[in-house]
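Visitor: Sending over a structure as structure tokens; questions will come in a sec.
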Amino acid sequence: MPETLKSGLELRDVRVRLDGRELVAVDLTIAPGEIVTLMGPSGSGKSSLLGHICGTLPDTFDVTGEVVLDGTPLAGLTPQERHVGILFQDDLLFPHLSVGGNLAFALPSHIKGRENRRARVEAALSSAEMDGFYDRDPATLSGGQRARVALMRVLLSEPCALLLDEPFSKLDSGLRSQIRSFVFDLCRKNSLPTLMVTHDPEDGEAAGGRVIKID
């Protein structure tokens with residue numbers, strides 16, 4: 001397997017502008033398993049940068065620079081082709097699907113067979129200490145359980161990089177610490193280059209990696 005497959009996420013002089021005003025400029029490389037925190041106030045372009053990396057940023061924005069994931073430039077690829085997972089502050093679980101259905105929705109098409117796909121989901125629930133939750137209604141879950149299911153859904157899609165967009169901001173302080181540890185541990189365990197945007201210094205401190213501050 002070529003070494004470039006594990007080279008991480010590179011943002012090569014990426015600059016995001018709107019109506020001629022530069023919102024954010026970033027030049028960095030995030031290694032597999034590394035968590036980099038981008039801190040800045042609301043409106044500083046943090047979420048716009050993540051949207052560009054995912055391929056979902058509207059055309060009204062002007063972006064220069066290059067995003068490269070494991071040696072592959074992402075320009076021109078659809079969001080599905082980029083293999084970039086993103087976790088938001090809202091868990092965005094589908095209310096019409098069970099917990100297991102939510103997780104199965106994320107499984108790649110190459111995982112064939114009902115039993116095999118069910119086994120993958122059950123294993124994910126077990127790793128999140130949620131055995132027996134396959135048939136549960138998401139509406140019956142606690143905030144922490146919903147957060148764990150949202151993360152496992154992202155990981156089941158087999159991303160090559162992970163973006164965290166203020167994912168802990170709606171959790172109370174005690175739960176926030178627990179879920180942060182859960183998320184960061186899995187990022188490292190899965191060797192995912194991870195970029196987190198936040199305005200909370202405690203998030204960056206808990207991540208234990210580089211913190212980049214923007215205005």
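The values are calculated or read from the model by the stated rules, or taken from the named source; none is laboratory data. Bear in mind that the values here come from a model prediction, so they are computed numbers and not experimental data. Heads up, the Cβs are rebuilt from the backbone with ideal geometry, glycines too, and the neighbour counts pull from every protein chain shown. Ligands, DNA and RNA are stripped out before the accessible areas are found, and what is left, the full protein with its side chains, is counted by its heavy atoms. Shrake-Rupley method; radii C 1.70, N 1.55, O 1.52, S 1.80 Å.
Visitor: How large is ³J(HN,Hα), in whole Hz, for each residue of the stretch 193-208 in order, when computed from phi with the Karplus curve 6.51 cos²θ - 1.76 cosθ + 1.60 and θ = phi - 60°, using x for Gly and Pro?
Guide: x, 10, 10, 10, 10, 7, 10, 9, x, 5, 4, x, 5, 5, 5, x
Visitor: Rounded to the nearest 20 Debye, what is the dipole magnitude of the stretch 86-215 about its Cα centre when Lys and Arg each give +1 and Asp and Glu each give -1 at the C-beta? It would help to have the intermediate numbers written out before the result.
Guide: Numbers: 16 positive and 18 negative charges, 104 e Å.
About 500 debye.
Visitor: Give me the lysines in straight-line cross-link reach of LYS6: C-alpha distance below 16 Å, same-chain residues under 8 apart excluded.
Guide: LYS189
Visitor: I'd like the FRET efficiency for ASP137 and GLU205, computed as 1/(1 + (r/R0)^6) with the beta carbon distance as r and R0 of 45 Å, rounded to 0.05.
Guide: Working: r = 36 Å, r/R0 = 0.80.
Efficiency, from the Cβ-Cβ distance: 0.80.
Visitor: Counting heavy atoms of the protein chains only and a 1.4 Å probe, report the per residue accessible area for the stretch 42-100 as a whole number of Å².
Guide: 51 Å²
Visitor: Which value, in Å² rounded to 10, gives the accessible area of GLU129 with a 1.4 Å probe and all protein chains present?
Guide: Roll a 1.4 Å probe over it and GLU129 shows about 150 Å².
Visitor: Here's a follow-up. Suppose R0 equals 35 Å. What FRET efficiency, 1/(1 + (r/R0)^6) with r the Cβ-Cβ distance, do ALA119 and THR29 give to the nearest 0.05?
Guide: That gives a FRET efficiency of 0.45.
Visitor: Does the stretch 26-116 come out rounded, prolate or oblate, given a ≥ b ≥ c as the square roots of the eigenvalues of its C-alpha gyration tensor, rounded meaning a/c under 1.5 and, failing that, prolate meaning a/b above b/c?
Guide: Cα axes put the stretch 26-116 in the prolate bin.
Visitor: Given a 1.4 angstrom probe, I'd like the percentage of the accessible area of the stretch 83-204 that is carbon and sulfur, rounded to a whole number.
Guide: The nonpolar share, carbon plus sulfur, comes to 51 percent.
Visitor: Against the longest principal axis of the chain, how steep is helix 143-156, in degrees 0 to 90 to the nearest 10, with axes from Cα atoms?
Guide: 80 degrees
Visitor: Share of antiparallel DSSP beta bridges in the chain, in percent to the nearest 5?
Guide: 50 percent
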